[in-house]
Amino acid sequence: MDTLTPLQWASLALFGPLVVALVLGVVWPLRKAGGPAAGLSLLGATVNLAAASVLFVGWLGGADTVRATLPWLIHGGPEGASMIELGLHLDGISVSMLWVVAIVAFCVQVFSLGYLSDEPKAGFGRYFTWQSLFLFSMNSLVLAPNLLQLFMGWELVGLCSYLLIGFWFKKPSAARAALKAFWVTKFADMGLLLGLIVLFVHTGGFEWTATTAAAGTVTLLFFLAVMGKSAQFPLHIWLPDAMEGPTPVSALLHAATMVAAGVFLVVRAQPLFAQAPLTGEVMTWVGAFTALFAASVAVVQTDIKKVLAYSTCSQLGYMIAALGSGAVLGGYFHLTTHAFFKALLFLAAGGLIHAVHSNELSHMGGLLKRLPVTGWTFIIGALALAGFPGFSGFFSKDLILEGLFDAGAYGPLAMLLIGAFLTAFYMGRVVFMALLGPPSEHAEHAHEAGGAMTLPLVLLATLALGLGFFAGPMARLYGLTYHFHLGAVGITATALGLAGIGTAWIMFGPKQGLQGLAAAFAPLGRVARSGAVDKGFALAYRQALLGLGAGVAWVDRYIVDGLINVMGYASLAFGDRLRAVQTGNVRDYVYAVVAGLLLLGAFGAIVQG
């Protein structure tokens, strides 16, 4: 950071992708050309990665917090007039997240050059325009100096999610998935908006370090938004359907960055959440249940992207449970490691899908020999996700489990331990079926993709394999300390993970043993395919919301409108009667005046008498 100041590097990271998005959005011929648009977008992602890496190295070296803001709005709060500001906030938390987003976004854009090479030029340019807009939106969320600016970035990434999920908008399932993701997350986002209003009313600002008696209400409302963005039960229903978008989109938005925004919000606003123990308990139980539920559903999925989608829900549940129990380091470090190995898994899955032109595991098999780079990097990601000793997920997941044990959250801990077994089992199932199983006829002509699709896998695999050994420096970025300690809980989780891999090998390995055990999963498979949660929401919408709406409409039509109509008809009838007095005859008006005077005189005499 000798040539530029931290704020200048941060400005490059933030505004580089924005300039690209604006140029591509305005210069229509450039966007329509396709290739030049992709090159310009990749240039913006490269500048973003370089700036984020410089900042990350600087903060690893112990840089101090940097904050720069500009005045935006003056308002009068409970404590007098104050200023709402926009700007940049650089510390270990924001810089580390900026670096994670930059690496994943860069890898995804490079991978997309090969994966979407068959797209029409106009669609290719449109895709990279939205990629650049997303990168700016996510960075503005990460670098926000207050919760109001974070909310702006939060809504922008939601918009980009809608655009990218529905990239193939002529495909009905993709269009429906985009709308579903948009409306589910917008419903949840009302919690963040209402929470900001409550926070402003009580503190006169939007600072995440505020102290307020309303912290319980604010954080519960914030958590509703987190449940939507980070796909926690029962608001997880949009994420599996979002797999209708291109696989690189799944890697970027729905595995590594956008869905992690909810976890980032909790970490960023930890001073507020620390004032609300009830919110923490709710988060712990919701996160643990989501982790177990989603892992159970992942076990029976046949679409490789659906397996990874439910796995994402499950791992986000681990993070939420950790943050709820106070294990901030475990939750945030798992966010970091998960971003890399899950992005790796999605991109590698994209390579497998690209080779066999199918998402179905049954259409794969024996692909490790035909796609060695893609296959081995997928295995590295799977082992990291399963918490295999030495891989990054092993260290971060152990921190979460130890944190719950230290907090006395034994019920949620038990759910997460079962989830550890299921995670290793379903990832072992995918590896044995897709990579090591008997070759499928669909895989006869499968071959390794070019460098644009394999080099990003190697970079992400390196991080998925080795990042866990840098937990100490990463912890210092968060203002915490880390000491590796493999206690009874960690040993139990490791044993369960190895047992899960072993069970998958017995059931789906070369000998295909214990096939009778697969029948035990049949009811779960039927429930998963039935979409019970979606049907529950649909039933609640039709019976409750539409019924309530019909009731309100009846009251409006027959009571409110009826009362107004009756008053109108009464006025008209009274007017008709009163109109008869107006004869237009002067003599009648003289009689009326005389009668009025006589009545007034009589009234005066009565009063005086």
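The values are calculated or read from the model by the stated rules, or taken from the named source; none is laboratory data. All figures in this text were calculated on a predicted structure; none of them were measured in a lab. As a convention, Cβ positions derive from the backbone with ideal geometry for all residues, glycine included, and neighbour counts pool all protein chains shown. Quick note on the areas: whole protein, heavy atoms, side chains included, nothing else; ligands and nucleic acids left out. Shrake-Rupley method; radii C 1.70, N 1.55, O 1.52, S 1.80 Å.
Can you go through Gly451, Gly479, Gly466, Gly472 and tell me which one is modelled with pLDDT under 90, open to solvent by 10 Å² or more (accessible area, probe 1.4 Å) and on the phi > 0 side of the Ramachandran plot?
On the way: Gly451 fails: on the phi > 0 side of the Ramachandran plot; Gly466 fails: on the phi > 0 side of the Ramachandran plot; Gly472 fails: on the phi > 0 side of the Ramachandran plot.
Answer to the check: Gly479.
If we only count helices (runs of 4 or more DSSP H) wholly inside the range 119-220, which ones have 1 or more residues that are open to solvent by less than 70 Å² (accessible area, probe 1.4 Å) and more than 23 Å from Ala231 (Cα to Cα)?
Helices (runs of 4 or more DSSP H) meeting the threshold: 121-142, 172-203.
Looking at (1) touching a residue at least 60 places away in the same chain (Cβ under 8 Å); (2) buried (at least 23 other Cβ atoms within 10 Å of the Cβ), which one does Leu60 not meet, given that it meets all the others?
Just one mismatch for Leu60, condition (2).
Counting residues that are at pLDDT 90 or above, which helices (runs of 4 or more DSSP H) fully inside the range 280-387 reach at least 3?
So the answer is 304-324, 328-356, 372-385.
Hey, can you tell me all the residues within the range 22-35 that are under 30 Å from Val95 (Cα atoms) and either open to solvent by 10 Å² or more (accessible area, probe 1.4 Å) or of a type in the set (D, E, K, R) (or both)?
Once the filter is applied, which keeps residues that are under 30 Å from Val95 (Cα atoms) and either open to solvent by 10 Å² or more (accessible area, probe 1.4 Å) or of a type in the set (D, E, K, R) (or both), the range 22-35 yields Leu22, Val23, Gly25.
Any residue in the range 224-234 that is on the phi > 0 side of the Ramachandran plot, touching a residue at least 40 places away in the same chain (Cβ under 8 Å) and in contact with a helix residue (DSSP H, G or I) (Cβ under 9 Å, 6 or more places away or on another chain)?
Looking for residues that are on the phi > 0 side of the Ramachandran plot, touching a residue at least 40 places away in the same chain (Cβ under 8 Å) and in contact with a helix residue (DSSP H, G or I) (Cβ under 9 Å, 6 or more places away or on another chain), one finds at least one in the range 224-234, hence yes.
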